[in-house]
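A.B. asks: Sharing a structure here in structure tokens format.
The values are calculated or read from the model by the stated rules, or taken from the named source; none is laboratory data. Here the structure is a predicted model, which means the values were calculated and not measured. Heads up, the Cβs are rebuilt from the backbone with ideal geometry, glycines too, and the neighbour counts pull from every protein chain shown. Remember, those area values only see protein heavy atoms, side chains included, never the ligands or the DNA or RNA. Shrake-Rupley method; radii C 1.70, N 1.55, O 1.52, S 1.80 Å.
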Amino acid sequence: MAGHERVVPGHPAVLSARELLGNVLAALGRHEEAGDQLDRVAEGRTRLLGPAHPWTVSAQELLREYRTP
């Protein structure tokens, strides 16, 4: 893959893709899987952006929504 950047799991674009996947899974009623994806998003954004960043807070709120019975 000469000339292409390699995307790593904690990359912001990957985290955004995971957030979208989590929302799709939730819309399909697959809330546990959605929560798993959003958990990874929240952890990654906390590490990259800090706990008070709006994107981190948004991911944490979505995670709570999908993890609440």
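A.B. asks: Return one whole number: the accessible area per residue of the chain in Å², for a 1.4 Å probe.
C.D. replies: 70 Å²
A.B. asks: Ignoring ligands, DNA and RNA, please state the percent of accessible area on the chain from carbon and sulfur, probe 1.4 Å.
C.D. replies: Answer for the chain: carbon and sulfur cover 59 percent of the accessible area.
A.B. asks: Determine the equivalent ellipsoid of the chain by diagonalising the alpha-carbon gyration tensor, then write out the semi-axes as square roots of 5 times the eigenvalues, largest first, rounded to whole Å.
C.D. replies: Ellipsoid half-lengths, sorted descending, are 23, 16, 7 Å.
A.B. asks: Among L38, L49, S16, which residue has its Cα furthest toward the positive end of the charge dipole of the chain, with +1 on Lys/Arg Cβ and -1 on Asp/Glu Cβ?
C.D. replies: L49
A.B. asks: Hey, another quick one. Full extension from A13 to E32: what is 0.36 nm times the residue separation minus their Cα-Cα distance, to one decimal in nm?
C.D. replies: 4.6 nm
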